[in-house]
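Heads up, the thing below is written out as C-alpha cells.
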Ligand SMILES: NC(=O)c1ccc[n+]([C@@H]2O[C@H](COP(=O)([O-])OP(=O)(O)OC[C@H]3O[C@@H](n4cnc5c(N)ncnc54)[C@H](OP(=O)(O)O)[C@@H]3O)[C@@H](O)[C@H]2O)c1
C-alpha cells in the first residue's frame, strides 16, 4: 500500500500486533510522514523507542494516552490520515473479574476513537476484533462484539465525510503477549503442560498474517466490512505435543468464559457473508455503496445460508510437525524439541 506522506496512528502500538505493524510499515513505507504510537505505559514506549531508534526512524512518534480519554484521543488524531485501533483489554479471566474496566477500554474507548475520527480529518480506520466476538460467551468477546458494531455503524453517521471504518477479525496470534505458545514454552521447563480441555481447538494466525490482513483492510475497505482471513486451526493437544512431547499433560478443567471451539463467522452471519478467495467478509446490513458494485469489484461469492467458520470444523489444520516449524519461524528461533 502506498503510504507516501501519510500520517498513521496505532492505538496499542506497544502491544504484540502494534509492534509488528510498526516494523512492517517502517520497513516497507519509509516515505510516510508520521507513525504515532498511542498507549498508556511509558515503560513500554521507552523500551520500544530503544528497538526503533529516532536517528534511524525519524517518522516514529510516541504519544502517551488512554483511549478512555476522548480529549486526549482527539488531540492525538490531529493531522492523522489513517488509524489502526489495536488497544484493548484482551485477557478473558481478567475481564470476567473486572468487567467495567473492560467495558470502559473496549467499548467506551472504541466510541471515543470513532467520535475523535469524525471530528478530525482521519480518512480510514481499521479496528481489531477477535473470534471471541462471534457469539460471545465471555465479557471480553461481548465487549469486542459491541466495539465491532460501533465501528460498522460509524459508517452510517459520516455524512459527506469520506472516512471509512472497517474491522479485521481473527483468531489466536502465535506467540502474542499472554498466548498459549509462550505459556507452554515456559511450562515445558517444569515438565507439566496444563490443558484446560483436551478436545479444544483454536484458529491460528502469525503476527505477519495479522499485519497483512490489517494492511489489506486499510487499503481496500469500502466501509462497514468485517474482514475474516482464512486460516488453519490447531488442536490444543497438538500444540502440547509439538512443544513438550516428553511433558505430562495435566487436564485442569475449562476456565470461566472459555469455549471448546472458536467461531469467526456464525450461521446467523452467513446471510451477510461473502467469500473473496483468500478471506471472507461479513458485510454491514446497510451501506452507502452498491452491493452489485462490491460483488463485481471483488468477485465476491455469497456463502451458503447456515455456513459457519468454526475452529473445530475447519478444512485446514496445523499438524504437530507443522506447528514446530511455525514456532521456530514465528516465536522462538532457538526452539528445539
Ligand atoms: N493476540 C491475539 O491472539 C489476538 C487475537 C485476536 C484479536 N486480537 C486483538 O488485537 C488487538 C491487539 O492485540 P495484542 O495481542 O497486540 O495486545 P497486547 O499485546 O496486549 O497489546 C495491547 C496494547 O494496547 C494498549 N492499551 C491497553 N489499554 C489501553 C488503553 N486504555 N488506552 C491506550 N492503550 C491501551 C497496551 O499498552 P498500555 O498498556 O501501555 O496502554 C498495548 O500497547 C486487540 O484489540 C485484541 O483484542 C488479539
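Computed from the coordinates by the stated procedures, all read-outs in this text should not be read as laboratory data. These figures come from a predicted structure and were not determined experimentally. Don't worry about glycine lacking a Cβ; one is built from the backbone with ideal geometry, like all the others, and counts go over all protein chains shown.
Residue ranges 180-188, 83-91 sort as 83-91, 180-188 when ordered by packing (mean number of other C-beta atoms within 10 Å per residue, highest first). Taking the number of Cβ atoms within 10 Å of each Cβ as an exposure proxy, the fewest-first ranking of 222, 160 is 160, 222. The alpha carbons of the stretch 126-173 give a radius of gyration and a Dmax of 12.0, 38 Å, in that order. Note on the chain: helix-only mean residue ellipticity at 222 nm, from DSSP H runs of 4+ residues weighted -39500 (n - 2.57) and normalised by residue number, equals -10000 deg cm²/dmol. Of all DSSP beta bridges confined to the chain, the antiparallel ones make up roughly 30%. For residue 290 and residue 321, a Förster radius of 56 Å and the Cβ-Cβ distance give a FRET efficiency of 0.75, rounded to the nearest 0.05. Against the main long axis of the alpha-carbon atoms of the chain, helix 139-154 sits at an angle near 30°.
Using the Kirkwood formula over every pair of different C-alpha atoms, what hydrodynamic radius in Å results for the chain? It is 20.7 Å. Against the main long axis of the alpha-carbon atoms of the chain, helix 109-119 sits at an angle near 20°.
From the alpha carbon centroid of the stretch 9-85 to that of the stretch 144-201 is 20 Å. Rounded to the nearest 10 degrees, what's the angle between the helix 320-330 long axis and the longest principal axis of the chain, both from Cα atoms, 0 to 90? Orientation of helix 320-330: about 40 degrees from the principal axis. Taking only alpha carbon atoms, the stretch 215-337 gives an Rg to Rh ratio of 1.08, where Rh is the Kirkwood radius.
Going by neighbour counts of Cβ atoms within 10 Å, the residues 6, 249 line up, fewest first, as 249, 6. By the count of neighbouring beta-carbon atoms within 10 Å, fewest first, 192, 303, 73 end up ordered 192, 303, 73.
Peptides 279-289, 210-220, 42-52, 22-32 ranked from most to least packed, by the mean per-residue count of other Cβ atoms within 10 Å: 210-220, 279-289, 22-32, 42-52.
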